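Each remark here refers to the structure printed beneath this line.
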Amino acid sequence: QNNLFGIDINFQALKVACFSIYIAILDFQDPKTILDDFPFPKLIGENLFAADFFDLSHSYNSIINKKRIDFILGNPPWKNGADNGFHVDYLRKNKLLKVVSDYQFAQSFLIRCKDFSSPQTKSVLIVSSKAIYNYNAEIFRNYFLSEFRLTQYLDLSAVRRLIFPNAINPAMILFFEYAHGENTLNNVV
């Protein structure tokens with residue numbers, strides 16, 4: 001059992017996620033092939049990890065970087081962080097402390113996607129709208145729109161309570177790609 005931003009990650013939850021993926025895989029198989037010793041892919045420790053996303057020393061970093069990542073999908077924590085831990089160490093190491101406002105995990109997650117992106121990688125994260133809209137997020141917005149190509153966004157603010165009944169914060173879904181140093185000034189959203 002690990003701790004991610006104050007949230008306990010149970011290894012059993014990872015097994016449940018793995019089982020759910022296996023069920024989805026079986027949905028796409030011909031039933032006759034399942035009976036003949038169907039080979040399930042190893043997911044835990046290969047694609048699923050119980051680790052802090054900002055722990056640069058964890059083995060998942062090298063495992064994932066050896067693969068060609070087509071998609072990064074996620075729903076990062078919707079809270080501000082603290083001035084400690086792997087998250088802040090990552091920001092310090094990458095000289096991003098002044099870019100990320102209020103130690104927002106969502107902003108940091110958006111930035112961290114670049115570490116696993118190749119030119120074909122498409123990323124989609126659902127984040128709190130305040131990660132982009134807050135008055136003190138101007139530096140982050142400038143950084144993000146310079147370093148990434150925002151291809152689409154879906155602002156769910158008006159319908160958040162219909163989608164997430166207990167939602168307090170407005171939400172948005174960002175579709176983006178790391179620009180790999182290319183000019184983003186002519187990017188059309």
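Only alpha carbons enter this Debye calculation for region 73-144, each as an equal point scatterer, and the log10 of I(q)/I(0) it gives at q = 0.14, 0.19, 0.28 Å⁻¹ is -0.40, -0.75, -1.45. Working from the Cα coordinates of region 4-134, the gyration tensor eigenvalues give, after taking √(5λ), semi-axes of 32, 15, 15 Å in decreasing order. For the chain, carbon and sulfur atoms together expose 57% of the accessible surface, with a 1.4 angstrom probe and every protein chain in place. Using only Cα atoms and rounding to the nearest 10 degrees, what angle (0 to 90) does helix 11-27 make with the longest principal axis of the chain? Taking the Cα atoms of the chain, the angle to 11-27 is about 70 degrees. Compared with the dominant principal axis of the Cα atoms in the chain, helix 138-147 is inclined by about 50°.
Using only the C-alpha atoms, the convex hull of region 66-189 corresponds to 121 Å³ per residue. The count of lysine pairs in region 46-151 whose Cα atoms are under 23 Å apart, excluding pairs fewer than 8 places apart on the same chain, comes to 18. In the full protein context, region 36-110 carries 58 Å² of accessible surface per residue, based on a 1.4 Å probe and ignoring ligands, DNA and RNA. Taking trypsin sites (Lys or Arg not before Pro) across region 82-123, the ones in a DSSP loop with at most 11 further Cβ atoms lying within 10 angstrom of their Cβ are LYS95, LYS98.
The values are calculated or read from the model by the stated rules, or taken from the named source; none is laboratory data. It should be emphasised that the depicted structure is a prediction, and the values quoted were computed from it without experimental measurement. In this analysis, Cβ positions are derived from the backbone assuming ideal geometry, glycine residues included, and neighbour counts consider all displayed protein chains. The protein model used for the area step is the full one, side chains on, heavy atoms only, and it has no ligands, DNA or RNA in it. Shrake-Rupley method; radii C 1.70, N 1.55, O 1.52, S 1.80 Å.
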